[in-house]
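Presented below is the structure to which this report refers.
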Amino acid sequence: MTGDPVPVPQTARRHIRLPGLARLWAMFIKEFLQLRRDRVTFATMIFIPLMQLLLFGFAINTQPKNLPTAVLSQENTDVSRAIVAALKNTSYFSVTRIAGTEQEVDHWLRAGTVQFVVEIPAGFERALRRGETPSLLIAADATDPVASGTALGSLSGVVSHALAGLHGIPKAQTSAPFEIRQHRRYNPASVTRLNIVPGILGTILTMTMLIFTALSVTREIERGTMENLLSMPIRPLEVMLGKIAPYILVGFLQAALIFIAGYLIFDVPVEGSLLLLSGLSMLFITTNLSIGYTFSTLAQNQLQAIQMSFMFFLPNILLSGFMFPFAGMPVWAQWVGEALPLTHYLRIVRGIMLKGSGLTDIAHPAMMLTALTLVAMTIAVTRFRRTLD
Amino acid sequence: MTAAPEIAIEVEGLTKSFGDKTVVKDLSMHVERGQIYGFLGPNGSGKTTTIRMLCGLLTPDAGHGTCLGYDILTESDKIKPRVGYMTQRFSLYQDLSIRENLEFVARLYGLANPKRQAREAIARLGLSGREEQLAGELSGGWKQRLALGACILPSPDLLLLDEPTAGVDPKARRDFWNEIHGLAADGLTVLVSTHYMDEAERCHEIAYIAYGTLLARGTVEEVIASANLETWTVSGPDLHDLADKLLAADGIDMVAPFGSSLHVAGRDHGALEAAIAPWRGDTRFTWTSSGATLEDVFIDLMSRSQDNFQ
């Protein structure tokens, strides 16, 4: 700097033509500059369409294939082996388990480990050779009707084709030499709302809980109260728990409201323990609150916190099995889905409400939710800035 | 409790940079217990940064020291419960009432019976009957009183006040200072940053900081004496014109208008006399030799450090 006076430009006061256009241009430039500084908004603009495109294009499949299937074979014959081999060959089923007992099969279905159980009854081969049209039993987890529909439709053709090559089996003339007895479990009438209402519950809780805590730290920073708070003797863990706890109650009331409405208006039953459902719903609420709080410690301001929450919310909706069948997604998408709390909560809610699952059936998703909560809390406490540096 | 140390703040070589901008440079200070220590300097000189380093809100890049006998680098958990920090910007919850804010502070510091503590604080502040009013609705003066009330609620040993009276009317400022003196008489140490010269003169000791460097410290008299500034007050017509001419003359370090007069100052007695000689005889002007005021000294310090800074 020098002591010389700043020269006043002589052209400064000259009027230009089209002043309106100049003002518009000034605004245009200013908006662009601000947009460029706001990196998270910029990332949102790129990331959200890209994510939507990739997820809808590659991960989502409304005609799901490779659905996990268990086989319970009561006999060991060339016919039973041919059926298992044929199931393994189709793209609809993926035989992941061979069962020994009925109990095993029931547990797998309740826990959601498999979606179908194909049971070949004892004496199936003999009855078939005699032309007695024996029954092949198939039990389907029909909590998500979309996921099981197509696969069930294809089953008859798959089995007929497998048997056609075998010796001594009567050739099908007008109808198949066997019949398929379907047993749609948990949602026999394939009512979509029985699946949707628990899903909506999880989705609403995810969105509201994330936002509540995502704003909590950034709000204190923006309003200037953080400086005062940090100068007082309080620890990051205490700040976090103190901010999360009130919303657990809020979330619980919200959940109760949806349960009651679901029960009264949509006739959605609660087959299992209401206490277990309440407890695990609280856990799920806490998971989302912790994740929202973590965003709050990472974001610079409230807008960024909202944007982060939204970017997290989107895969929760698309990859959790809420909108599209989980089992139909490619493996990589399933791995992403496993890291999302809604995926596990859906298994819990559908299990308890529709299948009457107990804690042992849904121990895995419950543990996953606990793990996600602890990871989020650890990140939040370590990321919480104790100073203004 | 251990015997209270006689020294409230003792820091050496504090340095803090943000990016490539050094905000506080090699700052040392020493504040005794029960003192009101004034912290002065222009905007952006590093006062707030220094205060934040003292209470553990910022980590110094270099330097060390103690606050209330605890290491500022490693023991900020022990410092925080005993320090009341009043931020420059009102930082209580605007959407909570006066009572709720005070109860929050009382609970956070683990005081017994927070409701009663808050009620008593409200009575002390003269806010009885308004306890349910939202803090955000208070006027500037009352916000400042409330903030001070919240700071002293946990009976701290040290108060750090960052420009507490900015934007507050003279009456409220005077009341505020009376209160500060009362607290200091009870043994509380107060470090207060300010821009007001009259406030600086109400401090036991002052430190002047500019561009992150401590330029002068001591009692008001000591600071004025150490500046070694000789000052003349001149009154008369066309002072603006005269000021321009005087500034151009050698031997004059500072010219500042004060209402209908000018303060003209220089560090070298002979050079100053020589410089003003051409106008001394002009009958239109009245010249009086006056002692330098604190403000003269600060403006001189500031302009000199600015020269160094550039």
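One table, with the values for the structure above:
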| item | result |
| --- | --- |
| Calculated diffusion of the stretch B:230-291, Stokes-Einstein form, Kirkwood radius summed over Cα pairs, 37 °C and 0.692 mPa s, µm²/s | 292 |
| Equivalent ellipsoid, the stretch B:185-228 (semi-axes from 5 times Cα gyration tensor eigenvalues, Å) | 19, 13, 10 |
| Principal axis box of the protein assembly as shown, alpha-carbon based, largest edge first, Å | 139, 71, 44 |
| Relative intensity, log₁₀ I(q)/I(0), of the stretch A:275-336 from a Debye sum that treats every alpha carbon as a point, q = 0.13, 0.26 Å⁻¹ | -0.48, -1.01 |
| C-alpha center-to-center spacing [the stretch B:68-91, the stretch B:279-304] in angstrom | 41 |
| For chain A, built as a Gaussian network whose Cα springs stay under 10 Å, the top-fluctuating residue of A:ASN301, A:ASN76, A:ASN228 | A:ASN228 |
| Residues in the stretch A:201-216 that a label on A:THR41 would reach, taking backbone N under 13 Å of a point 7 Å out along Cα→Cβ | none |
| Segment A:ILE204-A:LEU388, length gained on full extension (0.36 nm per residue, minus Cα span) | 62.8 nm |
| Beta bridges per DSSP with both ends in the stretch A:67-185, % antiparallel, nearest 5 | 20 |
| Rough spin-label spacing in nm, given labels placed 7 Å along Cα→Cβ, for B:GLU6 and A:ARG235 | 3.7 |
| Computed log₁₀ I(q)/I(0) - Debye formula, equal Cα scatterers, no solvent, the stretch B:36-131, q 0.13 Å⁻¹ | -0.62 |
| Whole-Å semi-axes of the ellipsoid equivalent to chain A (Cα gyration tensor, √5λ, descending) | 56, 27, 17 |
| Helix A:341-350 vs. chain A, principal-axis angle (Cα, 0 to 90°, nearest 10) | 40 |
| Whole-percent pair-distance distribution, where bins are 10 Å wide, for the alpha carbons of the stretch A:192-383 | 9, 36, 34, 16, 5, 0 |
| Förster-model FRET efficiency, 25 Å R0, A:TYR263 and A:TRP335, C-beta, rounded to 0.05 | 0.10 |
| Cross-link pairs B:LYS78/B:LYS143; B:LYS25/B:LYS47; B:LYS16/B:LYS47 - those with Cα-Cα distance over 21 Å | B:LYS78/B:LYS143 |
| Centroid-to-centroid separation of the stretch A:226-265 and the stretch A:65-135 [C-alpha atoms, Å] | 47 |
| Projected label distance in nm at A:ALA371 and A:ILE48, using a 7 Å step from Cα toward the beta-carbon | 3.1 |
| Residue order for B:VAL190, A:VAL84 - accessible surface, 1.4 angstrom probe, largest first | A:VAL84, B:VAL190 |
| Distance in nm between pseudo-label sites at A:ALA245 and B:HIS64 (7 Å out along the Cβ direction from Cα) | 4.0 |
| Debye log10 I(q)/I(0) at q = 0.16, 0.21, 0.32 Å⁻¹ for the stretch A:112-155, Cα point scatterers | -0.53, -0.73, -1.11 |
| The stretch A:369-388 and the stretch B:1-67: distance between their alpha carbon centers, rounded to Å | 31 |
| Potential extension, B:HIS195-B:GLU221 segment - 0.36 nm per residue separation minus Cα distance | 7.6 nm |
| At most 14 other Cβ within 10 Å, DSSP loop - GluC sites (Glu not before Pro), the stretch B:61-155 | B:GLU132 |
| Dipole of the protein assembly as shown, positive end: most advanced residue of A:LEU137, B:ALA207, B:GLN35 [Cβ charges, Cα centre] | A:LEU137 |
| Mean Cα-pair separation over length for chain A, i.e. relative contact order, pairs under 8 Å, 6 or more apart, % | 19 |
| Of A:SER290, A:SER80, A:SER320, the one that fluctuates the most in a GNM where chain A has Cα springs shorter than 10 Å | A:SER80 |
| Relative compactness, chain B, computed as alpha-carbon Rg over 2.2 N^0.38 Å | 1.15 |
| Residue (of A:THR378, A:ALA43, A:GLN103) at the positive-pole extreme of chain A, dipole from beta-carbon charges | A:ALA43 |
| Electrostatic dipole magnitude of the stretch B:230-291 [Cβ: Lys, Arg +1; Asp, Glu -1; Cα centre; debye, to 20] | 140 |
| About the Cα centre, charge dipole magnitude for chain B (Lys/Arg +1, Asp/Glu -1 at Cβ), debye | 1140 |
| Radius ratio Rg over Rh of the stretch A:67-185, counting only Cα atoms, Kirkwood formula for Rh | 0.95 |
| Highest-MSF residue in chain A out of A:LEU72, A:LEU354, A:LEU33 [GNM, Cα springs under 10 Å] | A:LEU33 |
| 10 Å-binned pair-distance histogram of the stretch A:22-98 (Cα, whole percent) | 15, 22, 16, 13, 11, 10, 8, 4, 1 |
| Estimated Rh, the stretch A:210-283: Kirkwood, alpha-carbon pairs, angstrom | 14.9 |
| Value of Rg/Rh across the stretch A:189-253 [Cα atoms, Kirkwood radius] | 1.22 |
| Förster radius 35 Å - calculated FRET efficiency between A:GLN103 and A:ARG193 (Cβ-Cβ, nearest 0.05) | 0.70 |
| Volume per residue that the Cα convex hull of the stretch A:337-389 spans, once the total is divided by residue count, Å³ | 83 |
| Gained length - A:LEU33 relative to A:PHE58, 0.36 nm times residue gap less alpha-carbon distance | 5.5 nm |
| Size of charge dipole - chain A - debye, nearest 20, with Cβ of Lys, Arg +1 and Asp, Glu -1, no other charges | 1240 |
| Beta bridges by DSSP in the protein assembly as shown, antiparallel share as percent, to the nearest 5 | 55 |
| Accessible-area value, B:HIS30, 1.4 Å probe, nucleic acids and ligands omitted, Å² | 70 |
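The values are calculated or read from the model by the stated rules, or taken from the named source; none is laboratory data. Note that this is a predicted model, so its numbers are computed, not measured. Using ideal geometry, Cβ is built from the backbone for each residue, glycine included, and neighbour counts are taken over all protein chains shown. Please note that ligands, DNA and RNA were not included when accessible areas were found on the heavy atoms of the full protein model with its side chains. Shrake-Rupley method; radii C 1.70, N 1.55, O 1.52, S 1.80 Å.
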